[in-house]
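The values are calculated or read from the model by the stated rules, or taken from the named source; none is laboratory data. Keep in mind it's a predicted model, so treat the numbers as computed, not measured. Don't worry about glycine lacking a Cβ; one is built from the backbone with ideal geometry, like all the others, and counts go over all protein chains shown.
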Amino acid sequence: TSPVMVLKVAIVMMVEQTIEGRFIAPQVLGNNLKIHPVTILIVLLSAGKAFGLVGVILGVPGYAVIKVIVGEFYELYRERSGAYGPKEAIQASTDQTSQAPASYERK
């Protein structure tokens, strides 16, 4: 193997890793975890800056866990506070308000 071939392989691998890390991985992770790709990039950059390689590896899964926990506590708060109705009642009210009365229909 020649040094030129080693250099070519190294360049191709660097380009591939850059494309995958900056574009493909955020899209795939975002679609599976329902997280916006920009959020994933911010999490990866900040976790990498704060915790290094471990932060990059565990940043997105940690964010996903925290997102689920906060969402569950928020739903529990909504149910127990009494200030908000259940989701079904909210959905039913928005369905009713989205339908215009017959008097407002265009003729």
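For the range 64-79, the criterion of being modelled with pLDDT of 85 or more, within 11 Å of the chain's Cα centre (by Cα) and of a type outside the set (V, I, T) is met by at least one residue. Please indicate, with yes or no, whether at least one residue in the range 63-83 is among the polar types (S, T, N, Q), assigned to a helix (DSSP H, G or I) and surrounded by 11 or more Cβ atoms within 10 Å (Cβ to Cβ). No, the conditions are met nowhere in the range 63-83. Within the range 7-26, residues that are part of a helix (DSSP H, G or I) sit with their Cβ atoms under 9 Å from residues that are loosely packed, with under 11 Cβ neighbours inside 10 Å and aliphatic (A, V, I, L, M), at 6+ positions apart or across chains, in these pairs: P26/V38.
Every condition in (1) among the small types (G, A, S); (2) surrounded by fewer than 13 Cβ atoms within 10 Å (Cβ to Cβ); (3) at pLDDT 90 or above; (4) under 17 Å from the mean Cα position of the chain (by Cα) is met by A10 except one, and the failing one is (4).
Taking the range 45-60 as the range and being surrounded by 12 or more Cβ atoms within 10 Å (Cβ to Cβ) and either over 16 Å from E20 (Cβ atoms) or at pLDDT 90 or above (or both) as the test, the residues that pass are L45, S46, A47, G48, F51, G55, L58, G59.
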